[in-house]
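A.B. asks: Pasting a structure below so you can have a look.
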Amino acid sequence: MLSNFKNWIIENTGFQLHLIHPLGFSMDDKLLRRAGLDYHEWAQVREYPNFDAYLATQAPRRILAFSTKGSICYTKVCFQLGDVLLFGPETRGLPAAILYSLPLDQRLFLPMQPHNRSLNLSNAVAIAAFEAWRQLDFMHFVGLPS
């Protein structure tokens, strides 16, 4: 399951998308299609008015927050079925109150060159999601047609 605080996600992994308001974009079909998200009708998308509502509704077992302020490289974590991968807005990242409410071992980072501010959000999500999926042995992958 992937949660994105105020932003976007991919459907190709079969993960669920949980959008936590306020969003940095409109969920209007026309706008989503123009942004290249023409597959969203097949995605499992749920929306929440705020982070507390998300926590109360979903009661996640483990949240792994991705941030430039993370403590552990994402490759050092053993991803588990049911993990929530949490990302913030590309421009600001996760709110400090959310990030620092999590234990150090649940605050992850993606390696970057020293003078870079951050990775593009869609790239960061793809990197993390596919590593988690790989560690779960590409669970539910249908495979290529024979």
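A.B. asks: Give the number of residues within the stretch 104-140 that are assigned to a loop (DSSP other than H, G, I, E, B) and free of Cβ contacts under 8 Å to residues at least 40 places away in the same chain.
C.D. replies: Quick first cut of the stretch 104-140, residues assigned to a loop (DSSP other than H, G, I, E, B) only: 110-120, 136-140.
Next cut, free of Cβ contacts under 8 Å to residues at least 40 places away in the same chain only: 111, 113-116, 119-120, 137-138.
Summing the residues that are assigned to a loop (DSSP other than H, G, I, E, B) and free of Cβ contacts under 8 Å to residues at least 40 places away in the same chain in the stretch 104-140 gives 9.
A.B. asks: Now a separate question. Report yes if some residue within the stretch 78-94 is at pLDDT below 95, in contact with a Gly (Cβ under 7 Å, 6 or more places away or on another chain) and surrounded by 19 or more Cβ atoms within 10 Å (Cβ to Cβ); otherwise report no.
C.D. replies: Within the stretch 78-94, one or more residues are at pLDDT below 95, in contact with a Gly (Cβ under 7 Å, 6 or more places away or on another chain) and surrounded by 19 or more Cβ atoms within 10 Å (Cβ to Cβ).
A.B. asks: Shifting gears a bit: What about Pro49, is it farther than 30 Å from Pro114 by Cα, touching a Lys or Arg at 6+ places or on another chain (Cβ under 7 Å) and at pLDDT 75 or above?
C.D. replies: On the way: farther than 30 Å from Pro114 by Cα: yes; touching a Lys or Arg at 6+ places or on another chain (Cβ under 7 Å): no; at pLDDT 75 or above: yes.
No: the conditions fail for Pro49.
A.B. asks: Considering every residue within the stretch 120-127, establish whether at least one is surrounded by 11 or more Cβ atoms within 10 Å (Cβ to Cβ) and touching a helix residue (DSSP H, G or I) at 6+ places or on another chain (Cβ under 8 Å).
C.D. replies: yes
A.B. asks: Here's a follow-up. Among the residues of the stretch 108-132, write down those that are at pLDDT below 90 and more than 17 Å from Gly88 (Cβ to Cβ).
C.D. replies: Pro114, His115
A.B. asks: Please list, ordered by first then second residue, the pairs with beta carbon atoms under 9 Å, 6 or more apart or interchain, first in the stretch 76-93 and under 18 Å from Asn50 (Cα atoms) and assigned to a strand (DSSP E or B), second aromatic (Phe, Trp, Tyr) and modelled with pLDDT of 95 or more.
C.D. replies: Pairs that qualify, where the first residue is under 18 Å from Asn50 (Cα atoms) and assigned to a strand (DSSP E or B) and the partner is aromatic (Phe, Trp, Tyr) and modelled with pLDDT of 95 or more, are Leu85/Phe66; Leu85/Phe79; Leu86/Phe66; Phe87/Phe66.
A.B. asks: Moving on. Return the residues of the stretch 49-75 that are part of a loop (DSSP other than H, G, I, E, B) and loosely packed, with under 12 Cβ neighbours inside 10 Å; say none if nothing qualifies. Working first, answer last.
C.D. replies: Here is the first cut: in the stretch 49-75, the ones part of a loop (DSSP other than H, G, I, E, B) are 49-50, 59-62, 67-71.
Matches in the stretch 49-75: Pro49, Ala59, Arg61.
The values are calculated or read from the model by the stated rules, or taken from the named source; none is laboratory data. This one's a predicted model, so the numbers in the text were calculated from it and none came from an experiment. FYI the Cβ positions are ideal-geometry reconstructions off the backbone, even for glycines, and counts take in every protein chain you see.
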